[in-house]
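Q: Pasting in a structure now, in structure tokens, and then I'll have a few things to ask.
The values are calculated or read from the model by the stated rules, or taken from the named source; none is laboratory data. Since we're looking at a predicted model, the values are computed, not measured. Methodologically, a virtual Cβ is constructed for each residue, glycine included, from the backbone with ideal geometry; neighbour enumeration extends over all protein chains shown.
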Ligand code: DPP
Ligand code: ZN
């Protein structure tokens, strides 16, 4: 496998102007013919034309209508090369034969449930035909699809349908034309037996857009929420960014076999069914929220990704970071901003920070890769920091300039940076380091109050830890949002701050502010607030204004104070989390030394008062009484100890449940659903609080609480509550657990999305010795290694269980090792996602290290390993 470097980027020698594709879809094989008009970048260029291709059978090549003979071109397993193409403009026609029915990688053209569909990002188009498969080749496409009419009545591609009709032999065709230039990763084709939910949207300037969501006919009733989400997203993008949809038709197709969540192909988004189909009976609130976010995400790509695209795959964050940021903002505006921020930061801590601290660490814009990297969530945080620094209006000005400059171009992260800077005349010093330096910055803050001078000082000291290939780092530009609380918990007015030898006013229009953004740019730096008349308690990094690890000198009592009073709700939650993490670490050390575990009663009282706080948002309460995840705590230990952290988390949960039992029971009772399911923040918040309380109670495993959970399970009128009750009961090994799991399966076996939840719940279980159960589930009739969702539920779920995946006898590692080898032969992308569960093996004790390493070595020694798995396994061992 070959490593590809950003520094080696070269402009293409040939540009493509138009591409006319013709697909003749068949059961045995599919013919693809592609007619491309090509122009050399440099007139009279003598460079060879190198096209990418993989798993293709070449049928013929023509240049300017003349068929080429053997020596006129070269073909190898990855390329088709024309050593000396004609000068000037010429046409190239290529016919290939492909076998979509046999394509289990789910990249390129493949079949899912008997329908044809495509996935071309990042490099799937080369599995359809020979092409310069790189995003800086943008061309206008037409696509003619021919297929048997009975089997494939619906034929879709990008753009507008301009012709359709019947052909001989029961076949028919459709011709699509996309008026916008696009890179080939945005090409899409769908053919199958599908029906649609139809609706329309009138854009700001009065264009009527037809909206269609396609699924097999029985699922059409479950597309209502997706349609609602699409229309909400279209409206939001007009209102917030002034961005309108640019065609008369927008299609979404849901398919059950899909490697990722969804794909933003121009005007023909293809979705994993799990992110389209929902009904109150079968989908949870989390599913509804995910659908809203991802439908928004893919729709927003129409501007940030499609109209303006990436020059190369190192710039992935240009579209993903920006579009994730946009979907986060959309979801915040549709629900609760604080709760959304809490969820996003939790994800960052669960997935991103550990990755940044391990062998797979790479910057937002990587320097090299073997297979195009998955996106990194910190990209959205970088975009968020522009907004934090420039304000909403400044950010919007930057976005406007970005589109003005780069519409229909393939550009880089610097171009985005330059638009933000130039639109605002901003001073950004070393901000670009966020794109090139890997690792999570660690920032230590110490504070001091000078009662005589009435000043309050914050000293920052930052350090970016070394990462593979980057031993030494420079200080980053970190926006730190700060407020200072007085002794009653109110924000103190802030008017000026002394920094870098000068005093700067931070008042706005002569008025003091109550929160300000400090720009921390040096390794060590001090900010001194003037006119502070009492010792304040600082609220630092409000709203998580930068993706960093913060360590402060706040005492436990400061943290309890912030938990009770901070006007920044995010930081209120965060104060509780900091307390909980400290507590869990201390108790984990006690556990390791066989000391009895004792919980600080103040902690329980703190959570108790949040639980019973009638004016707080219910979903916020649910988040605030939820302990940090085990991974997050393990991440803070020198040697990660899954057994200790798990035992401690279970212990604290039981203590809380015991002490607050009465309040928790009344929380469940008061928050039952009174009428039908409604998707809105208040109702979701109520269900979330009820379910959180029920899970605490059921952890006690006493007859009263189990009976309560059973009652909730039986009376639940929606999946959110039914599944939560099932999960609550399933925490403890028992006969009841087995019975309820069996009951749930028999109820829902006809619905594959619900069955996946059932797989995931069992896979993630921490009950002892669960690996055997998961092994058995591999042979369950409803399981199929070829379906990514099932793999993510069962195998992915299992890797998330700290005690069973990391079982000290190595049984969990052995299981994953075996599955990865099998899976890699079917679907390398999915296999590589699974193998990454091994990547942080060095974080554990020596016994576990040896066991995990042995599995990685076993995988590496497998014949015919994919590049995807090779990259992760080899980097993990390096
Ligand atoms: N481009 C795709 C998306 O944004 C990749 N998963 O969803
Ligand atoms: Zn995306």
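Q: Here is a list of conditions, (1) within 20 Å of residue 201 (Cα to Cα); (2) buried (at least 23 other Cβ atoms within 10 Å of the Cβ); (3) more than 13 Å from ligand 2 (Cβ to nearest atom), and residue 238 meets all of them except one; can you say which number that is?
A: If we test residue 238 against (1) within 20 Å of residue 201 (Cα to Cα); (2) buried (at least 23 other Cβ atoms within 10 Å of the Cβ); (3) more than 13 Å from ligand 2 (Cβ to nearest atom), just (2) comes out false.
Q: I would also like to ask the following. Scan the range 434-459 for residues that are assigned to a strand (DSSP E or B) and within 31 Å of the chain's Cα centre (by Cα) and jot them down.
A: 442, 443, 444, 445
Q: Of all residues in the range 542-565, count the ones that are crowded, with 22+ Cβ neighbours inside 10 Å and not in a helix (DSSP H, G or I).
A: Adding up the residues that qualify gives 3.
Q: So residue 279 ticks every box in (1) part of a loop (DSSP other than H, G, I, E, B); (2) within 11 Å of ligand 2 (Cβ to nearest atom) but one. Which box is left unticked?
A: It fails just one condition, (2).
Q: Within the range 593-602, is there a residue that is within 33 Å of the chain's Cα centre (by Cα) and either under 28 Å from residue 380 (Cβ atoms) or assigned to a loop (DSSP other than H, G, I, E, B) (or both)?
A: No.
Q: Now, a different point. Tally time: how many residues in the range 363-417 are closer than 20 Å to residue 9 by Cα and either within 24 Å of the chain's Cα centre (by Cα) or outside any loop (DSSP other than H, G, I, E, B) (or both)?
A: 22
Q: Condition check: surrounded by 21 or more Cβ atoms within 10 Å (Cβ to Cβ) and more than 16 Å from ligand 2 (Cβ to nearest atom). Does residue 339 satisfy that?
A: Yes: the conditions hold for residue 339.
Q: If you don't mind, there's one more thing I want to ask. Going by the structure shown, is residue 640 touching a helix residue (DSSP H, G or I) at 6+ places or on another chain (Cβ under 6 Å), in a loop (DSSP other than H, G, I, E, B), touching a residue at least 24 places away in the same chain (Cβ under 8 Å) and closer than 23 Å to residue 581 by Cα?
A: Spelling it out, residue 640 is indeed touching a helix residue (DSSP H, G or I) at 6+ places or on another chain (Cβ under 6 Å), in a loop (DSSP other than H, G, I, E, B), touching a residue at least 24 places away in the same chain (Cβ under 8 Å) and closer than 23 Å to residue 581 by Cα.
Q: So, one more: Of all residues in the range 320-342 being assigned to a helix (DSSP H, G or I), touching a residue at least 60 places away in the same chain (Cβ under 8 Å) and within 24 Å of residue 581 (Cβ to Cβ), which is nearest to ligand 1 (Cβ to nearest atom)?
A: Among residues in the range 320-342 that are assigned to a helix (DSSP H, G or I), touching a residue at least 60 places away in the same chain (Cβ under 8 Å) and within 24 Å of residue 581 (Cβ to Cβ), the one nearest to ligand 1 (Cβ to nearest atom) is 341.
Q: Please give the number of the condition residue 721 fails out of (1) within 27 Å of the chain's Cα centre (by Cα); (2) assigned to a loop (DSSP other than H, G, I, E, B).
A: (2)
Q: Pick out the one residue from 104, 118, 96 that is in a loop (DSSP other than H, G, I, E, B), in the same structural domain as residue 176 (by TED's automatic domain parsing) and at pLDDT 95 or above.
A: 104
Q: Output the residue which, of all residues in the range 296-319 that are more than 12 Å from ligand 2 (Cβ to nearest atom) and assigned to a helix (DSSP H, G or I), is nearest to residue 402 (Cα to Cα).
A: Among those residues, the one meeting the criterion is 315.
Residue-wise test of (1) closer than 22 Å to residue 330 by Cβ; (2) within 27 Å of the chain's Cα centre (by Cα).
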| position | (1), (2) |
| --- | --- |
| 196 | no, no |
| 201 | yes, no |
| 212 | yes, yes |
| 234 | yes, yes |
| 240 | yes, yes |
| 252 | yes, yes |
| 255 | no, yes |
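Q: Just for the range 256-271: of the residues that are away from ligand 2 (no atom under 12 Å from the Cβ) and assigned to a loop (DSSP other than H, G, I, E, B), which one is farthest from residue 210 (Cα to Cα)?
A: 259
Q: Having 3 or more residues that are touching a residue at least 40 places away in the same chain (Cβ under 8 Å) and more than 30 Å from residue 876 (Cβ to Cβ) is the bar; report the strands (runs of 3 or more DSSP E) wholly within the range 463-530 that clear it.
A: Hits in the range 463-530: 478-485, 516-520, 524-529.
Q: Restricting to strands (runs of 3 or more DSSP E) lying wholly in the range 132-176: which have 2 or more residues that are out of contact with any helix residue (DSSP H, G or I) (no Cβ under 9 Å at 6 or more places or on another chain), in the same structural domain as residue 52 (by TED's automatic domain parsing) and without any contact (Cβ under 8 Å) to a residue 40 or more places away in the chain?
A: Working: elements: 139-148, 154-157, 160-166.
Of the strands (runs of 3 or more DSSP E) lying wholly inside the range 132-176, those with at least 2 residues that are out of contact with any helix residue (DSSP H, G or I) (no Cβ under 9 Å at 6 or more places or on another chain), in the same structural domain as residue 52 (by TED's automatic domain parsing) and without any contact (Cβ under 8 Å) to a residue 40 or more places away in the chain span 160-166.
Q: Sort through 455, 446, 467, 440 and tell me the only one that's modelled with pLDDT of 95 or more and out of contact with any strand residue (DSSP E or B) (no Cβ under 7 Å at 6 or more places or on another chain).
A: Of the residues listed, the single one that is modelled with pLDDT of 95 or more and out of contact with any strand residue (DSSP E or B) (no Cβ under 7 Å at 6 or more places or on another chain) is 467.
Q: Additional query: Across the range 276-297, which residue is farthest from residue 415 (Cα to Cα) among those that are touching a residue at least 40 places away in the same chain (Cβ under 8 Å) and in contact with a strand residue (DSSP E or B) (Cβ under 8 Å, 6 or more places away or on another chain)?
A: Ranking the qualifying residues of the range 276-297, first place goes to 277.
Q: If you go through the range 789-828, how many residues are part of a loop (DSSP other than H, G, I, E, B), modelled with pLDDT of 95 or more and surrounded by 20 or more Cβ atoms within 10 Å (Cβ to Cβ)?
A: So the count comes out to 3.
Q: Report, by residue number, each residue of the range 645-654 that is in contact with a helix residue (DSSP H, G or I) (Cβ under 9 Å, 6 or more places away or on another chain) and surrounded by fewer than 23 Cβ atoms within 10 Å (Cβ to Cβ). Break it down stepwise before answering.
A: As a first pass, look at the range 645-654 and keep what is in contact with a helix residue (DSSP H, G or I) (Cβ under 9 Å, 6 or more places away or on another chain): 645-649, 651-654.
646, 647, 649, 651, 652, 653, 654 - these are the residues of the range 645-654 that are in contact with a helix residue (DSSP H, G or I) (Cβ under 9 Å, 6 or more places away or on another chain) and surrounded by fewer than 23 Cβ atoms within 10 Å (Cβ to Cβ).
Q: Of the residues that make up the range 309-319, is at least one within 10 Å of ligand 1 (Cβ to nearest atom) and in contact (Cβ under 8 Å) with a residue 40 or more places away in the chain?
A: The answer is yes; a qualifying residue exists.
Q: Any residue at all in the range 275-282 that's within 14 Å of ligand 1 (Cβ to nearest atom), over 21 Å from residue 796 (Cβ atoms) and either more than 18 Å from the chain's Cα centre (by Cα) or outside the structural domain of residue 180 (by TED's automatic domain parsing) (or both)?
A: No: the range 275-282 contains no residue that is within 14 Å of ligand 1 (Cβ to nearest atom), over 21 Å from residue 796 (Cβ atoms) and either more than 18 Å from the chain's Cα centre (by Cα) or outside the structural domain of residue 180 (by TED's automatic domain parsing) (or both).
Q: Report whether or not residue 266 is within 16 Å of ligand 1 (Cβ to nearest atom) and closer than 15 Å to residue 303 by Cβ.
A: In short, yes.
Q: Please indicate, with yes or no, whether at least one residue in the range 449-460 is outside the structural domain of residue 323 (by TED's automatic domain parsing), closer than 27 Å to residue 349 by Cα and surrounded by fewer than 16 Cβ atoms within 10 Å (Cβ to Cβ).
A: The answer is yes, given that some residue of the range 449-460 is outside the structural domain of residue 323 (by TED's automatic domain parsing), closer than 27 Å to residue 349 by Cα and surrounded by fewer than 16 Cβ atoms within 10 Å (Cβ to Cβ).
Q: Turning to a different aspect of this structure: Give 230, 247 a once-over and let me know the one that is crowded, with 16+ Cβ neighbours inside 10 Å and part of a loop (DSSP other than H, G, I, E, B).
A: Checking each option against the conditions leaves just 247.
Q: Further question on the same structure: Condition check: over 26 Å from residue 16 (Cα atoms), surrounded by 21 or more Cβ atoms within 10 Å (Cβ to Cβ), modelled with pLDDT of 95 or more and more than 16 Å from ligand 1 (Cβ to nearest atom). Does residue 384 satisfy that?
A: The answer is yes for residue 384.
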